[in-house]
Amino acid sequence: MNDRYVSPLSERYASREMQYIFSPDMKFRTWRRLWIALAETERELGLDITEEQIAELKAFQDDINYDVAKEREKLVRHDVMSHVYAYGVQCPKAKPIIHLGATSCYVGDNTDIIVMTEALKLVKKKLVNVIAQLADFAMKYRDLPTLAFTHFQPAQPTTVGKRATLWTQEFLMDLEDLDYVLSTMKLLGSKGTTGTQASFLELFDGDRQKVDRLDPMIAQKMGFAACVPVSGQTYSRKTDTRVLNVLAGIAASAHKMSNDIRLLQHLKQVEEPFEKTQIGSSAMAYKRNPMRSERIASLARYVICDALNPAVTSSCQWFERTLDDSANKRLSIPEGFLATDGILDLCLNVTDDLKVYPKVIEKQLMAELPFMATENIMMDTVKAGGDRQELHEKIRTLSMEAGRSVKEEGRENNLLELIAADPSFGMSLEELKKSMEPSRYTGCSKEQVERFVKTEVEPVLEQNRELLGVKAEINV
């Protein structure tokens with residue numbers, strides 16, 4: 001296999017579980033389940049199909065003769081009819097009734113919906129666990145003050161845990177979207193060549209009641225609540241758009257979090273997991289690059305762009321059916337899921353053991369805190385009889401002087417010393433330093449974390465407790 005292209009999504013990033021969902025084995029076993037469901041339903045509705053025929057189909061449901069199907073496809077150039085033929089070779093008694101009344105989209109499109117549904121369930125399981133780990137992280141560091149940034153410039157302090165709730169909240173929004181799309185997934189059913197069910201009306205001698213019962217019975221056998229009420233030959237390709245948009249939303253949330261982690265690792269405040277034998281750079285042996293967070297961002301950009309594929313495909317479908325969707329769907333849907341699976345595995349790995357360095361965080365915060373404390377200092381001085389407008393101008397001037405000293409001369413921030421030396425404030429350096437307690441400046445961060453986790457996260461985790469406990473393996 002070293003002499004041909006192999007997708008990195010399979011070799012490096014996606015889990016075996018997600019790869020199986022989009023495997024040929026999953027696909028063709030599902031085709032056979034659908035053929036069995038169709039035959040059973042047609043028998044129950046009165047067609048001349050025997051229990052013996054159905055038993056024969058079930059006996060070979062998972063024993064797929066791929067070699068026969070492959071050879072047949074070389075001859076007829078049609079994948080569905082090749083597998084109908086191969087199934088018939090194994091099931092000679094059932095051969096006459098396999099695929100009876102159906103078109104290729106009966107197995108193709110219904111399988112696509114089933115596969116995407118299973119893939120969404122796996123994405124949901126991993127997403128729920130990312131949310132759980134982030135909530136634990138947020139609670140652990142809910143009261144650790146840290147410098148906040150707007151425009152990546154120092155701003156009013158927050159806490160490490162509060163920042164993590166911002167990441168968590170976006171993933172919760174993605175989970176809401178995912179749950180909604182999952183709740184709307186419907187099979188195509190058995191609608192025929194142009195969606196009119198004309199072939200089935202013929203099979204059932206014009207009995208519309210039997211035709212009306214066909215789709216609901218198939219849906220129930222396949223574990224779905226319903227089939228789409230109307231269609232052309234295919235289910236609406238807008239379904240693919242909705243599904244990929246969910247994946248793109250997850251990718252965007254992961255990208256934002258990974259960017260924040262990469263910037264914080266540059267500041268040496270946090271660090272993603274790093275194995276004892278891991279090499280950070282081929283040249284610079286000391287480096288500990290945020291490689292996993294970078295990989296999250298890289299895969300996320302792929303998924304975000306990939307979401308455009310089904311949107312364009314949906315818009316380009318002509319009337320009841322064209323085939324210009326097929327090649328694109330074979331690429332965009334599986335690879336969107338495989339990449340998202342890789343992203344979530346990386347998120348699970350990073351958030352499970354994200355290192356935090358409180359001393360570095362404190363040092364960087366304290367270097368900027370005097371600037372943020374000036375509002376409180378000014379208010380205390382006004383309470384003692386000072387003039388707010390005069391004090392504001394003095395603090396502005398002193399802040400500019402301290403900032404110039406830091407940036408141009410490389411000195412430590414001496415704003416407190418400058419304020420202490422100005423008699424207008426009437427405060428000693430010792431008094432000013434006492435006001436430098438970081439927790440005074442983080443507002444309601446700690447309480448917001450606690451309330452957010454209790455009211456927003458915990459109910460979601462309780463609803464999905466059977467999904468918890470997932471850990472991820474990273475291949476590279």
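The values are calculated or read from the model by the stated rules, or taken from the named source; none is laboratory data. The model shown is predicted, which means the values in this text are computed figures rather than measured ones. Here Cβ is always computed from backbone atoms with ideal geometry, including for glycine, and neighbour counts include all displayed protein chains.
Against the condition surrounded by fewer than 18 Cβ atoms within 10 Å (Cβ to Cβ) and out of contact with any strand residue (DSSP E or B) (no Cβ under 9 Å at 6 or more places or on another chain), how does V382 come out, does it pass?
Values: surrounded by fewer than 18 Cβ atoms within 10 Å (Cβ to Cβ): yes; out of contact with any strand residue (DSSP E or B) (no Cβ under 9 Å at 6 or more places or on another chain): yes.
Yes.
With respect to Y87, determine if the residue is aromatic (F, W, Y) and at pLDDT 95 or above.
Working: aromatic (F, W, Y): yes; at pLDDT 95 or above: yes.
Considered against the rule, which asks whether it is aromatic (F, W, Y) and at pLDDT 95 or above, Y87 comes out as yes.
Look through the range 367-379, keep the residues that are exposed (fewer than 15 other Cβ atoms within 10 Å of the Cβ) and among the aliphatic types (A, V, I, L, M), and return whichever of them is nearest to K407 (Cα to Cα).
Residue satisfying both the conditions and the ranking: A367.
Any chance you could count how many residues in the range 440-455 are over 18 Å from A138 (Cβ atoms) and crowded, with 19+ Cβ neighbours inside 10 Å? Before the answer, list the steps.
If we filter the range 440-455 for residues that are over 18 Å from A138 (Cβ atoms), which is where we start, we get 440-441.
Next, only the ones that are crowded, with 19+ Cβ neighbours inside 10 Å stay: 441.
The total comes to 1.
Suppose the filter is touching a residue at least 40 places away in the same chain (Cβ under 8 Å), over 46 Å from the mean Cα position of the chain (by Cα) and more than 30 Å from V123 (Cβ to Cβ); does G443 pass it?
Working: touching a residue at least 40 places away in the same chain (Cβ under 8 Å): yes; over 46 Å from the mean Cα position of the chain (by Cα): no; more than 30 Å from V123 (Cβ to Cβ): yes.
Spelling it out, it is not the case that G443 is touching a residue at least 40 places away in the same chain (Cβ under 8 Å), over 46 Å from the mean Cα position of the chain (by Cα) and more than 30 Å from V123 (Cβ to Cβ).
Of E412, E437, E430, E458, which residue is within 30 Å of F137 (Cα to Cα) and over 27 Å from the mean Cα position of the chain (by Cα)?
It is E437.
Report yes if M436 is in contact with a Leu (Cβ under 7 Å, 6 or more places away or on another chain), in contact (Cβ under 8 Å) with a residue 24 or more places away in the chain, surrounded by 15 or more Cβ atoms within 10 Å (Cβ to Cβ) and of a type in the set (A, V, I, L, M, F, W, C), otherwise no.
yes
Any chance the range 108-115 includes a residue that's touching a Leu at 6+ places or on another chain (Cβ under 6 Å) and closer than 12 Å to I36 by Cα?
Scanning the range 108-115, I find no residue that is touching a Leu at 6+ places or on another chain (Cβ under 6 Å) and closer than 12 Å to I36 by Cα, so the answer is no.
Here's the yes/no breakdown for (1) at pLDDT 95 or above; (2) surrounded by 14 or more Cβ atoms within 10 Å (Cβ to Cβ); (3) charged (D, E, K, R):
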position	(1), (2), (3)
P8	no, yes, no
F22	yes, yes, no
K27	yes, yes, yes
L38	yes, yes, no
E42	yes, yes, yes
A59	yes, no, no
Y66	yes, no, no
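Taking the condition buried (at least 20 other Cβ atoms within 10 Å of the Cβ), assigned to a helix (DSSP H, G or I) and among the hydroxyl-bearing types (S, T, Y), does Y106 pass?
yes
Before we move on, is I113 in a helix (DSSP H, G or I), more than 39 Å from the chain's Cα centre (by Cα) and touching a residue at least 12 places away in the same chain (Cβ under 8 Å)?
Judged against the criteria, I113 is not a match.
I'm checking my understanding of the structure. Among residues of the range 394-413 that are outside any helix (DSSP H, G or I) and touching a helix residue (DSSP H, G or I) at 6+ places or on another chain (Cβ under 7 Å), which one is surrounded by the most Cβ atoms within 10 Å (Cβ to Cβ)?
Among those that are outside any helix (DSSP H, G or I) and touching a helix residue (DSSP H, G or I) at 6+ places or on another chain (Cβ under 7 Å), it is N413.
May I ask you to list the residues in the range 422-445 that are more than 15 Å from T374 (Cα to Cα) and of a type in the set (A, V, I, L, M, F, W, C)?
If the condition is that a residue be more than 15 Å from T374 (Cα to Cα) and of a type in the set (A, V, I, L, M, F, W, C), then C444 is the only one that fits.
So for the range 125-139 (the condition being modelled with pLDDT of 95 or more, more than 17 Å from the chain's Cα centre (by Cα) and under 19 Å from D345 (Cβ atoms)), does at least one residue qualify?
Yes, there is a match, as at least one residue in the range 125-139 is modelled with pLDDT of 95 or more, more than 17 Å from the chain's Cα centre (by Cα) and under 19 Å from D345 (Cβ atoms).
Taking the stated definitions as given, is K210 basic (K, R), within 15 Å of E40 (Cα to Cα) and not assigned by TED's automatic domain parsing to the domain that holds D325?
So K210 fits the description; yes.
Go through the range 243-264 residue by residue and tally those that are over 25 Å from R163 (Cα atoms) and in contact with an Asp or Glu (Cβ under 9 Å, 6 or more places away or on another chain).
Total meeting the criteria: 2.
When you check K121 against the structure, is it under 27 Å from R16 (Cβ atoms), outside the structural domain of V246 (by TED's automatic domain parsing) and in a helix (DSSP H, G or I), yes or no? Walk me through it before giving the result.
Values: under 27 Å from R16 (Cβ atoms): yes; outside the structural domain of V246 (by TED's automatic domain parsing): no; in a helix (DSSP H, G or I): yes.
For K121, the condition - under 27 Å from R16 (Cβ atoms), outside the structural domain of V246 (by TED's automatic domain parsing) and in a helix (DSSP H, G or I) - is not met.
In the set L391, L467, L416, which member is touching a Lys or Arg at 6+ places or on another chain (Cβ under 9 Å), more than 22 Å from Q364 (Cβ to Cβ) and surrounded by 13 or more Cβ atoms within 10 Å (Cβ to Cβ)?
L467
What are the residue pairs meeting all of these: first residue in the range 401-427, first residue assigned by TED's automatic domain parsing to the domain that holds L391, second residue part of a loop (DSSP other than H, G, I, E, B) and not polar (S, T, N, Q), Cβ atoms under 6 Å, and 6 or more apart or on different chains?
As it stands, the answer is S405/R411; I419/F425, since those pairs meet every condition given.
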